[in-house]
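Here is the structure we will look at.
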Amino acid sequence: MRAWLAAIAVTLSALSAAGGTITGTVKVTRPEGGESGPILVYVVGFAESATEPDVVIQQHGKRFVPDLVGLTAGQAVAFPNGDPFLHNVFSPTDTRRFDLGSYEKGQTRSRTFPEPGVIDVYCNIHPEMSATIVVLPNRRHVIAKGDGSFTIEGVPPGTWTVFAYSRRAAHPVSVKIDVGNGASASIELALDEVQREFKHENKFGEKYRAGDEYRPTH
Amino acid sequence: MHRQRWISIVIVLVALAPAASAGRTPFAWSYGTEVNPERMVESETWISEENKKGDARADETLIWWGPTVGITSHLEGAIPIEFSRNADTATPGAMHLQLWGGELRYRFNSPDPIEAGPVTALLRVAAFRMAEQRSGVRSEADFIVAAEHGRFLASVDLGMVSEHTPDATSLEFRPSVGVSVLAVDQLRLGVEAYSELNIQGDSVSWVVVGPSASWTHGRFWLATALGEGIVNIHTAPRVKFGIQF
């Protein structure tokens, strides 16, 4: 009897852990000549602890690659320098200020992000470098594929809101969705992107030196 | 800004985090536990007065200047020079170069204030050549522990200073303690106590306590304290500032 009860409990637990699946597509309207970038899709309304490994944002060709990542609160981001010159990664965002100092090719610095928030990341030496880290309260977030399709698995049963966001989006778009245990739900999201310049100040709150000003490449 | 407002609607934002690491100190007498980010260079200066000290009512003004550099994310070095002007009831005032040397400051914790946690510690060691006593050596060491809780910060600095010449060796214990509260963005107000206690030699022991303030603005930081004499001294104001490059 006890074995049966244990088996039932394990099965229920597994079903609960499996949750439902959200699939869909994000259709992006991009201005002519607009640069494409990652599209983050995430579910909000519940909290989960981070179990994923560190996320890596490369510094390569005076760019952060990728320039948008989604994290679960508690996850870390590693910033390896792949360029043959110094970079100084920093964030002026109040929710997670940091300054990694200047380090050379082959070296990596990392930071953890314990609280949800939207974190801007820049290089104090190269004003053209910018990235966004979106720290989320649960693990149900993915970067959409090149064709805009995505699959988010393991969503707990309930009514949640799904967001899609890119750095060049006018604003995030969202849709409410009911997720059943073991069920699959499908959604479509339409994201409008605009021409955006990621102008910013250096880590001292000053303009970059003359000659270093950001010049869009597109 | 528009983008952040939208996203903040759907995720929980948190209270302000401490500022990024730098080489600044939150108190004027105590050393801090922050170090410069790697490869960051800073010009650091402090100026202090020790007024009407001991039975001789001696007045002393000290000016310390040194470039500091972040050697690693935990270690910074400095090459300081120190000038002093001394005068007492029997001696007219004269300004002179007193010391030059080198020092290292090692932060035990992560340079990141969030990853470091609320309690941080730093060890400072320094060796100086005494300009007027060519065979003299001065050595200094400080162990600093700081604890931060919300807007409140407390710091204890256990400092030792020893001067050694062929004729004499002196030893002083220089403890200091400070508490402060973050009043507004980047401005701290508090109280700091500092003392120089003679263990060996003929120096005068003295103790001050008084209000302190510190402020950071971009690449500039400042810490100041107005020490009121408790033992063997009238006042001991001090200002410390740095500019990062």
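Below, the figures for the structure above:
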read-out	value
Top-ranked residue in the range A:166-194 [being more than 19 Å from A:G37 (Cα to Cα) and polar (S, T, N, Q); ranked as surrounded by the fewest Cβ atoms within 10 Å (Cβ to Cβ)]	A:S186
Given (1) over 26 Å from A:F204 (Cα atoms); (2) without any contact (Cβ under 8 Å) to a residue 12 or more places away in the chain, number of the condition B:L171 does not satisfy	(2)
Of the criteria (1) over 30 Å from B:A56 (Cα atoms); (2) surrounded by fewer than 18 Cβ atoms within 10 Å (Cβ to Cβ); (3) modelled with pLDDT of 95 or more; (4) among the charged types (D, E, K, R), which one B:R188 fails	(2)
Candidate set from the range A:183-203 (those that are part of a loop (DSSP other than H, G, I, E, B) and among the polar types (S, T, N, Q)); member that is farthest from A:V121 (Cα to Cα)	A:Q195
Matching residues, the range B:20-61, being away from chain A (no Cβ under 14 Å) and of a type in the set (V, I, T)	B:T25, B:T33, B:T45, B:I47, B:T61
Counted residues, the range A:145-190 - those being in contact with a Gly (Cβ under 9 Å, 6 or more places away or on another chain), farther than 20 Å from A:A47 by Cα and more than 12 Å from every other protein chain (Cβ to nearest Cβ)	10
Residue count for the range A:135-182, restricted to those that are under 19 Å from the mean Cα position of the chain (by Cα) and either among the acidic types (D, E) or assigned to a strand (DSSP E or B) (or both)	23
Qualifying residue in the range B:19-35 (condition: more than 27 Å from B:P237 (Cβ to Cβ) and modelled with pLDDT under 95)	yes
Filtered residues of the range A:86-139 (kept if among the hydrophobic types (A, V, I, L, M, F, W, C) and over 19 Å from A:R209 (Cα atoms))	A:F98, A:L100, A:F113, A:V118, A:I119, A:A131, A:I133, A:V134, A:V135, A:L136
Conditions (1) modelled with pLDDT under 95; (2) among the aromatic types (F, W, Y); (3) surrounded by 19 or more Cβ atoms within 10 Å (Cβ to Cβ); number of the one not met by A:F163	(1)
Residues of the range B:84-114 classified as part of a strand (DSSP E or B) and out of contact with any His (no Cβ under 7 Å at 6 or more places or on another chain), total	19
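The values are calculated or read from the model by the stated rules, or taken from the named source; none is laboratory data. Owing to the predicted nature of the structure, the values given are computational and were not obtained by experimental measurement. Neighbour counts run over all protein chains shown; Cβ positions are idealised from the backbone, glycine included.
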